[in-house]
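Enquirer: Can you read through this structure? Questions will come right after.
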């Protein structure tokens, strides 16, 4: 049986000190959706968004985590300029949009969206908490994922928003699921939850 190719990402931890490690898959402004193929250990084009739709910020995953949907945890990273597929970005975790995702076959799983700010960002340097972001912007981010999934025949249902501590707890749980040791890094922000208005 042929041996699976190794990946540098296998050696990455979720956290590097206080910062979150994020592997970018799809850059901000892209209509192309790129994903990391676990078998090939390469990035590949997995879809194209409809005309007029594009990723509002860089989108990637937390290495060595495993979510309920069977994939690493997703992260939306705010930074000044788009990165590229495969770029490792150290980021400050600011919160999470908790959500359910219903697949085409009717199965519903949790598929949260972590939100982070690139450690080297100048434009978003003031953002320490999810509440520091304009509520309209967060609503637009939620709407993007709703419409993105609708185009794929899926349903994305935001359940609520929470701060960095809750987000870190989700990462620790996903690391345990993957079989890694949870991070001992501490977040300075207090948990802040905000229910989505009806």
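Enquirer: Specify which of the listed residues (82, 72) is surrounded by 15 or more Cβ atoms within 10 Å (Cβ to Cβ) and over 14 Å from the mean Cα position of the chain (by Cα). Reasoning before the result, please.
Expert: On the way: 72 fails: over 14 Å from the mean Cα position of the chain (by Cα).
Criteria check complete, one pass: 82.
Enquirer: Could you check how many residues of region 3-54 are part of a loop (DSSP other than H, G, I, E, B), at pLDDT below 95 and under 18 Å from the mean Cα position of the chain (by Cα)?
Expert: The number of residues fulfilling the criteria is 4.
Enquirer: Here is a follow-up. If residue 98 satisfies all but one of (1) assigned to a loop (DSSP other than H, G, I, E, B); (2) in contact (Cβ under 8 Å) with a residue 12 or more places away in the chain; (3) touching a helix residue (DSSP H, G or I) at 6+ places or on another chain (Cβ under 9 Å), what's the number of the condition it fails?
Expert: Against the list (1) assigned to a loop (DSSP other than H, G, I, E, B); (2) in contact (Cβ under 8 Å) with a residue 12 or more places away in the chain; (3) touching a helix residue (DSSP H, G or I) at 6+ places or on another chain (Cβ under 9 Å), residue 98 comes up short only on (1).
Enquirer: Could I ask something else about it? Could you tell me whether residue 173 is in a helix (DSSP H, G or I), modelled with pLDDT of 95 or more and crowded, with 18+ Cβ neighbours inside 10 Å? Full working, then the answer.
Expert: On the way: in a helix (DSSP H, G or I): yes; modelled with pLDDT of 95 or more: yes; crowded, with 18+ Cβ neighbours inside 10 Å: no.
Judged against the criteria, residue 173 is not a match.
Enquirer: Report yes if some residue within region 72-92 is within 23 Å of residue 117 (Cα to Cα) and either at pLDDT below 95 or touching a helix residue (DSSP H, G or I) at 6+ places or on another chain (Cβ under 6 Å) (or both); otherwise report no. I'd like the intermediate steps shown before the answer.
Expert: Within region 72-92, the first condition is being within 23 Å of residue 117 (Cα to Cα), and the residues that meet it are 72-92.
Checking the rest, the ones that are also either at pLDDT below 95 or touching a helix residue (DSSP H, G or I) at 6+ places or on another chain (Cβ under 6 Å) (or both) come to 73.
Within region 72-92, one or more residues are within 23 Å of residue 117 (Cα to Cα) and either at pLDDT below 95 or touching a helix residue (DSSP H, G or I) at 6+ places or on another chain (Cβ under 6 Å) (or both).
Enquirer: OK, next. In this structure, does residue 142 turn out to be within 14 Å of the chain's Cα centre (by Cα) and either surrounded by 15 or more Cβ atoms within 10 Å (Cβ to Cβ) or in a helix (DSSP H, G or I) (or both)? It would help to see each step written out before you state the result.
Expert: Working: within 14 Å of the chain's Cα centre (by Cα): yes; either surrounded by 15 or more Cβ atoms within 10 Å (Cβ to Cβ) or in a helix (DSSP H, G or I) (or both): yes.
For residue 142, the condition - within 14 Å of the chain's Cα centre (by Cα) and either surrounded by 15 or more Cβ atoms within 10 Å (Cβ to Cβ) or in a helix (DSSP H, G or I) (or both) - is met.
Enquirer: Mind checking which residues of region 102-139 are surrounded by fewer than 20 Cβ atoms within 10 Å (Cβ to Cβ) and in a strand (DSSP E or B)?
Expert: 102, 108, 109, 110
The values are calculated or read from the model by the stated rules, or taken from the named source; none is laboratory data. Keep in mind the model is a prediction, meaning the values are calculated, not measured. Virtual Cβ from ideal backbone geometry, glycine too; neighbours counted across all protein chains shown.
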